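Single-structure report; data block below.
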Amino acid sequence: MRKFLILACLTVPATAALAGTWTPPEGCQAFMTVQSKACRVSHYYRCSGDAPGDQWRVDLDQEGPFFHSRIDYEAQWVESYDPVRQVLDPAPADPASFSELLAEGMDTWDFTLSRADGAGSRATGYDRLTGRTVVIDGITLSETEVQFTEYDRSGRMLRQSRGNEFLHPEWRLFFAGPGETDLGDGIWRPIDGSPVEFVFPGEEGFLARQPNYDCDALTADAGPATNEILPASFEE
């Protein structure tokens with residue numbers, strides 16, 4: 001699934017940085033680290049036991065890992081841990097499709113999620129290519145427009161977001177961007193989890209545990225913390 005990354009940029013770190021590097025799970029190999037705005041560093045990895053095309057992401061703030069997610073070849077959010085496990089329900093009404101977005105310039109989606117604690121929700125929205133590209137740290141990304149709404153099982157709106165994200169067509173990955181989100185209270189809050197640095201194996205900072213950007217600002221302006229993640233990369 002894709003859009004739950006867009007809210008990750010609201011996370012407020014609490015304590016001093018952890019030193020050292022993050023280690024992928026056994027049987028998995030990391031291929032990229034992304035340092036983003038809003039005090040987040042993400043590591044991307046693949047595991048030998050997964051289906052072809054599946055990719056994992058772990059997000060860390062100053063306290064350490066707070067969110068894991070797995071997407072499939074179509075960038076559907078297959079499962080996540082925050083730390084409660086959440087999975088994509090079978091037979092979505094309108095599955096997210098990275099291939100359709102690239103081919104048609106727009107992709108709508110409508111799917112439901114189930115949590116291990118018994119809760120569940122429905123997510124609807126769309127991704128649309130704007131036709132613009134951006135270059136971040138030497139990497140060319142395509143800009144998208146995105147709108148997302150999540151409802152509980154009774155149909156009550158839980159949250160909604162709108163704004164822009166970025167994608168890399170060969171990597172089949174989305175990255176968060178600037179926008180705004182309403183956490184169900186009618187107040188639209190600015191968010192921006194855009195990537196700043198892309199770090200690859202052998203480069204300094206690969207698998208770093210410490211986020212580099214906006215951490216001082218978030219700590220100084222600390223409010224109620226939220227680790228909500230929208231399907232973007234349901235990372236985003």
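Worth pointing out:
- log₁₀ of I(q)/I(0) at q = 0.11, 0.21 Å⁻¹ - segment 92-219, Debye sum with one point per alpha carbon: -0.50, -1.27
- Between Ala51 and Asp185, the C-beta separation translates, for a Förster distance of 41 Å, into a calculated FRET efficiency of about 0.60.
- Of Thr181, Thr149, Gly193, farthest towards positive along the dipole that unit charges on Lys, Arg, Asp, Glu beta carbons give segment 135-193: Thr149
- Between segment 191-211 and segment 53-99, the Cα center-to-center distance that results, in Å: 19
- On the principal axes of its alpha-carbon atoms, segment 16-138 has extents of 43, 42, 29 Å, going from largest to smallest.
- Solvent exposure of segment 80-201, expressed per residue, is 46 Å² of accessible area, with all protein chains present and a 1.4 angstrom probe.
The values are calculated or read from the model by the stated rules, or taken from the named source; none is laboratory data. All values derive from a computational prediction rather than experimental measurement. We place every Cβ from the backbone using ideal geometry, glycine too, and count neighbours over all the protein chains shown. Ligands, DNA and RNA are excluded from the accessible area calculation, which covers all protein heavy atoms including side chains. Shrake-Rupley method; radii C 1.70, N 1.55, O 1.52, S 1.80 Å.
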